[in-house]
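Visitor: Quick one: this structure, given as structure tokens, is what I'll be asking you about.
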């Protein structure tokens, strides 16, 4: 078991190293030039050359990548080209805002999705089951930006109940911040709940086909008791994996929602930095998204390994 956990950790670090190379290479393929974006089209060749030398853009890409990795090993994410401020100070508040939005959506969607998935299994074949499946399928099929536009038009433009933009400022009260977060949280919750409810239902139904479940049914054990007492404990591992994917998506996949509602999160910061070719900021945001995704999945693998009796017994047998 411990060897499996160590292998997962080593694999995560190796994946992160490969991802860092892909992120750096991708930013080099962006059209345009950071120096030209800063100085404008009227810049002289001398000023462009001086600015490129100041930003290190005149160095070979391989050397710049090594300098970037060396800085990361020291906790230095670089300096923003657009503002000249350290990247770490620029991303701190947007990252906390993204975590705030993701935590709020997860707090609502995870219990709701698990409840709907279990209700669908408990009422298998009933109108509840068909309604949950149909609603989840519709929610999965509709793009996030369309849901964002639809909810904004309905609740912000037509009814005027909620603000159209999710602007968060330190001067706002808790009530004002929560009110601004309602629409983006609703969009994320709708999509995540649909995915998770369907996957929870499938995981429980797969366990119900196992021989020990059929034996319990032949003994006359009630279906509700079988699901809650026998099947549910054995779907902890797949449900944990589903929750990990959901949390990773909420943290790393909120770019569309943040841009749609002008939410000051890390996703919107990355999109804005692309417009001005702020390469250090783009690279830092992309690496943070990937690191969070890998970390959440690594924790899910560890929890799955620890809670899986087969893996624990296999580890004791090997020892």
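Visitor: Compute a Gaussian network model of the chain, connecting alpha carbons closer than 10 Å, and tell me which residue from 131, 265, 75 fluctuates the most.
Guide: Maximum fluctuation in the GNM of the chain, among the listed residues, is at 75.
Visitor: State, as an integer percentage, the relative contact order of the chain based on alpha-carbon contacts under 8 Å between residues 6 or more apart.
Guide: 29 percent
Visitor: Let me ask you something else. Can you list the residues of the range 275-292 with backbone N under 19 Å from a point 7 Å past the Cα of residue 22, pointing along Cα to Cβ?
Guide: 282-292
Visitor: Starting from the Cα of residue 85, step 7 Å along the direction of its Cβ; do the same at residue 214; then give the gap between the two resulting points in nm.
Guide: 6.4 nm
Visitor: Here is a follow-up. From a point 7 Å beyond the Cα of residue 205 in the direction of its Cβ, which residues of the range 227-246 have a backbone N at a distance under 18 Å?
Guide: 227-228, 231-232, 235-236, 238-239, 242
Visitor: Quick one: if the Förster radius is 25 Å, what FRET efficiency do residue 59 and residue 10 give, using the C-beta to C-beta distance and rounding to 0.05?
Guide: 0.20
Visitor: Same structure, new question: Sum -39500 (n - 2.57) across every DSSP H segment of at least 4 residues in the chain, then divide by the residue count to get the 222 nm mean residue ellipticity, nearest 500.
Guide: Helix contribution divided over all residues of the chain: -24000 deg cm²/dmol.
Visitor: So what are the radius of gyration and Dmax for the Cα set of the chain, in Å?
Guide: Taking only Cα atoms of the chain, I get Rg and Dmax of 24.1, 86 Å.
Visitor: Rounded to the nearest 10 degrees, what's the angle between the helix 87-122 long axis and the longest principal axis of the chain, both from Cα atoms, 0 to 90?
Guide: Here the helix axis deviates by roughly 20 degrees.
Visitor: Calculate, in nm to one decimal, what residue 127 and residue 100 gain on full extension: separation in residues at 0.36 nm each, minus their alpha carbon distance.
Guide: Roughly 6.1 nm would be gained on extension.
Visitor: While we're here: Taking springs between alpha-carbon atoms closer than 10 angstrom, which of 210, 22, 183 fluctuates most in the Gaussian network model of the chain?
Guide: Of 210, 22, 183, the most mobile in the Gaussian network model is 210.
Visitor: So how far, in whole Å, is the C-alpha centre of the range 161-200 from the one of the range 212-252?
Guide: What the calculation gives is 29 Å, centre to centre.
Read-outs throughout are calculated quantities, based only on the coordinates presented, and are distinct from any laboratory measurement. Quantities reported herein were computed from a predicted structural model and do not represent experimental measurements. Every residue, glycine as well, gets a Cβ built from its backbone with ideal geometry; the counts of neighbours run over all protein chains shown.
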